[in-house]
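So the structure is just underneath, and the comments pick up after that.
The values are calculated or read from the model by the stated rules, or taken from the named source; none is laboratory data. Since this is a predicted model, take the numbers as computed values, not measurements. Note that we place each Cβ from the backbone using ideal geometry, even for glycine, and neighbour counts take in every protein chain shown. SASA here: full protein model, heavy atoms, side chains in, ligands and nucleic acids out. Shrake-Rupley method; radii C 1.70, N 1.55, O 1.52, S 1.80 Å.
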Amino acid sequence: SRISAIGSAAQPIIFTSRSNMEGGVNASSIGQWGGIVMLGRAPINTCVGAGATPGTVNCQSAVEDLTGAFYGGGSPSYNSGRMQFVQVRYPGFEVSPGNELNGITFAGVGSGTFAQNIQVHNSSDDGIEWFGGRLNHKFLVITGADDDSIDTDLGFKGLMQYVLVVQRTDGGDRVIEADTAGGETKNPRSNPRIANFTF
């Protein structure tokens with residue numbers, strides 16, 4: 001499957017909650033629906049199951065232990081679709097203790113995917129989290145995340161340019177969490193790069 005969510009500056013595509021549509025949100029509202037999870041077949045460095053080699057076609061993992069939500073593989077340029085001029089408002093959801101859905105989760109998403117002009121507002125977990133993959137971005141805005149605004153791990157090698165992060169006044173953790181978690185020798189090794197940013 002591939003997503004095709006192509007808005008414009010004047011008419012962005014808005015993913016939001018029923019409460020937001022009915023006017024029932026305020027500056028502290030978070031976690032009103034699950035958020036967006038996009039999966040792909042680009043390389044990751046942590047595999048489930050025995051015998052798989054990180055960074056290869058047989059290396060897969062599951063998003064937040066969700067049944068059937070597998071991602072990862074051997075296609076760095078994998079195309080998961082297109083998102084442009086998209087807002088994601090009031091997302092985030094705890095699947096189980098320690099497993100939360102973010103505003104947007106990009107898992108094993110390859111460089112053939114187009115994702116620009118995106119805002120995530122008031123996520124109850126991370127604004128955006130990347131699990132491996134090679135996705136590149138321009139024009140990201142993360143406002144009011146209740147955990148980390150930008151979170152990269154499992155061998156993510158992507159570029160971000162023109163990034164704005166504004167943290168919550170009554171919550172939030174770090175602007176960036178960039179994990180290796182003891183995986184400095186794993187292949188691929190994470191190498192996120194961010195340019196032209198205001199935090």
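For A9, are the conditions met, namely being closer than 26 Å to G144 by Cβ and either open to solvent by 40 Å² or more (accessible area, probe 1.4 Å) or modelled with pLDDT under 95 (or both)? Before you say what the answer is, go through the steps one by one.
Values: closer than 26 Å to G144 by Cβ: yes; either open to solvent by 40 Å² or more (accessible area, probe 1.4 Å) or modelled with pLDDT under 95 (or both): yes.
For A9, the condition - closer than 26 Å to G144 by Cβ and either open to solvent by 40 Å² or more (accessible area, probe 1.4 Å) or modelled with pLDDT under 95 (or both) - is met.
Kindly indicate the residue of the stretch 59-74 that is assigned to a loop (DSSP other than H, G, I, E, B) and at pLDDT below 95 and also least open to solvent (accessible area, probe 1.4 Å) among those meeting that condition. Steps first, please.
Initially, the stretch 59-74 is screened for residues assigned to a loop (DSSP other than H, G, I, E, B), giving 59-60, 66-69, 72-74.
Now restrict to residues that are at pLDDT below 95: 66-69.
Numbers: L66: 54, T67: 143, G68: 59, A69: 15 Å².
Looking at residues that are assigned to a loop (DSSP other than H, G, I, E, B) and at pLDDT below 95, I get A69.
Looking only at the stretch 116-132, filter to residues that are part of a loop (DSSP other than H, G, I, E, B) and open to solvent by 10 Å² or more (accessible area, probe 1.4 Å); which one of those is farthest from M38 (Cα to Cα)?
At the first step, the residues of the stretch 116-132 found to be part of a loop (DSSP other than H, G, I, E, B) are 122-127, 132.
The next check asks that each one be open to solvent by 10 Å² or more (accessible area, probe 1.4 Å); those that pass are 124-125.
Values: S124: 18, D125: 16 Å.
Per the criteria, the residue is S124.
Mind listing whichever residues of the stretch 133-160 are among the basic types (K, R) and either touching a Lys or Arg at 6+ places or on another chain (Cβ under 7 Å) or surrounded by 24 or more Cβ atoms within 10 Å (Cβ to Cβ) (or both)? Spell out how you get there, then give the answer.
Kept after step one, since they are among the basic types (K, R), are these residues of the stretch 133-160: 134, 138, 157.
Passing the criteria: R134, K157.
Mind counting the residues in the stretch 98-114 that are over 21 Å from C47 (Cα atoms) and without any contact (Cβ under 8 Å) to a residue 60 or more places away in the chain?
Final tally of qualifying residues: 2.
When only residues in the stretch 88-110 that are among the aliphatic types (A, V, I, L, M) and open to solvent by 10 Å² or more (accessible area, probe 1.4 Å) count, which is modelled with the lowest pLDDT?
Within the stretch 88-110, the first condition is being among the aliphatic types (A, V, I, L, M), and the residues that meet it are 88, 95, 101, 104, 107, 109.
From what is left, the residues that are open to solvent by 10 Å² or more (accessible area, probe 1.4 Å) are 95, 101.
On the way: V95: 84, L101: 93.
Among those that are among the aliphatic types (A, V, I, L, M) and open to solvent by 10 Å² or more (accessible area, probe 1.4 Å), it is V95.
N196 - would you say it is of a type in the set (S, T, N, Q) and at pLDDT below 95?
No: the conditions fail for N196.
Could you go through the stretch 24-35 and let me know if any residue there is out of contact with any Leu (no Cβ under 8 Å at 6 or more places or on another chain), closer than 19 Å to G132 by Cα and buried (at least 20 other Cβ atoms within 10 Å of the Cβ).
The answer is no, given that none of the residues of the stretch 24-35 is out of contact with any Leu (no Cβ under 8 Å at 6 or more places or on another chain), closer than 19 Å to G132 by Cα and buried (at least 20 other Cβ atoms within 10 Å of the Cβ).
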